[in-house]
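Below is one structure, written out as structure tokens; comments come after it.
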Amino acid sequence: MKRVEWWWLRAQGAVCLIFGRTAQALSIFEDMARRFPAERYPLASRAHVLAQAGRHDEALADYRRLTELHPADASGWFNLGFVLESLGRYEEARQCFERATTLDPKLDRGWYGLGLVLIRLQRLDEAVSALKRNTELQPMSPYGWYQLARVHVDRHQPDEAAKIIRHLQGFEPKVAAQLVRETGLLAGQTAT
């Protein structure tokens, strides 16, 4: 009977989210968390809704609890890092992103998050490594490439940044054009 109740509540919460009824979804996830305190889904769902609503301190508490209960859950560590980053707690966020990528080395968003907080911490050499890993895992996503080019510019490596701009011109010309405008690199040159 507990499993039927679990799936019914989960389905109700999902439907509420689909139709933008976040307050009702939050109430359902809170009820689930009371009934099933050690389960991952209600904690993660409630934390996600709270973070989306800008209630970062409450989301932070749920993500901390989630990583205590499920320390091998890479996505829990990633989400904890994401909330910490949004609160400007970059060193703590870095530790969470590193934990997430250690648990799941193929977690591309974990590498991206790690790269961003390393940039904030002015640890640019490490940021390059993290962002390169992100672009290996998500070669067609412009976000990691964009940040990587920006780091190369900050490290006074315009040739490396120019290579990335040329690469982006092949599949994300708008992002490449934005980098050209921002950096002045390859200005006046056409895509080859």
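Every read-out reported here was derived from the displayed coordinates using simple, explicitly stated rules and does not represent laboratory data. Values in this document were obtained by computation on a predicted structure and should not be read as measured data. As a convention, Cβ positions derive from the backbone with ideal geometry for all residues, glycine included, and neighbour counts pool all protein chains shown.
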For region 47-192, whose charge dipole is built from +1 on Lys and Arg Cβ atoms and -1 on Asp and Glu Cβ atoms, the candidate among Ala74, His56, Trp145 with its Cα farthest towards the positive end is Trp145
Between the Cα axis of helix 22-35 and the main Cα principal axis of the chain, the angle (0 to 90°, nearest 10) is 60 degrees
Can you give the longest run of the chain that contains no chymotrypsin sites (Phe, Trp or Tyr not before Pro) sitting in a DSSP loop with at most 15 other Cβ atoms inside 10 Å?
20-170
Taking the Cα centre of region 71-192 as origin, work out the dipole magnitude from +1 charges on Lys and Arg Cβ and -1 charges on Asp and Glu Cβ, in debye rounded to 20.
240 debye
Principal-axis tilt of helix 40-52 within the chain, Cα atoms, nearest 10 degrees
60 degrees
Could you estimate the translational diffusion coefficient of region 94-186 from the Stokes-Einstein equation, with Rh from the Kirkwood formula over C-alpha pairs, at 25 °C and 0.890 mPa s, in whole µm²/s?
187 µm²/s
Once each part is reduced to its C-alpha centroid, what is the distance from region 39-110 to region 144-192 in angstrom?
31 Å
For the chain, calculate the relative contact order in percent as a whole number, restricting contacts to Cα pairs under 8 Å that are 6 or more residues apart.
9 percent
Computed over region 104-144: relative contact order in percent, which uses C-alpha pairs under 8 Å that are six or more apart:
42 percent
Measuring from its Cα centre, region 109-157 shows a charge dipole (+1 at each Lys and Arg Cβ, -1 at each Asp and Glu Cβ) which, in debye to the nearest 20, is 80 debye
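So for Ser75, Ser86, fewest C-beta neighbours within 10 Å to most, what's the order?
Ser86, Ser75
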Per residue, how big is the convex hull around the C-alpha atoms of region 140-192? Give it to me in cubic angstrom, could you?
63 Å³
Remind me, what semi-axes does region 1-114 give for its equivalent ellipsoid, largest first in whole Å, using sqrt of 5 times each Cα gyration tensor eigenvalue?
25, 15, 12
Could you give the size of the charge dipole of region 140-192 about its Cα centre, using +1 on the Cβ of each K and R and -1 on the Cβ of each D and E, expressed in debye and rounded to the nearest 20?
80 debye
Read-out Kirkwood radius over Cα pairs in Å, derived from the coordinates shown; its label in (1) 16.4; (2) 18.4; (3) 17.0
(2)
In degrees, nearest 10, range 0 to 90: what is the angle between the Cα axis of helix 124-137 and the longest Cα principal axis of the chain?
70 degrees
When the charge dipole of the chain is computed with +1 on Lys and Arg Cβ and -1 on Asp and Glu Cβ about the Cα centre, the Cα farthest towards its positive end, among Tyr90, Ile28, Asn134, belongs to Ile28
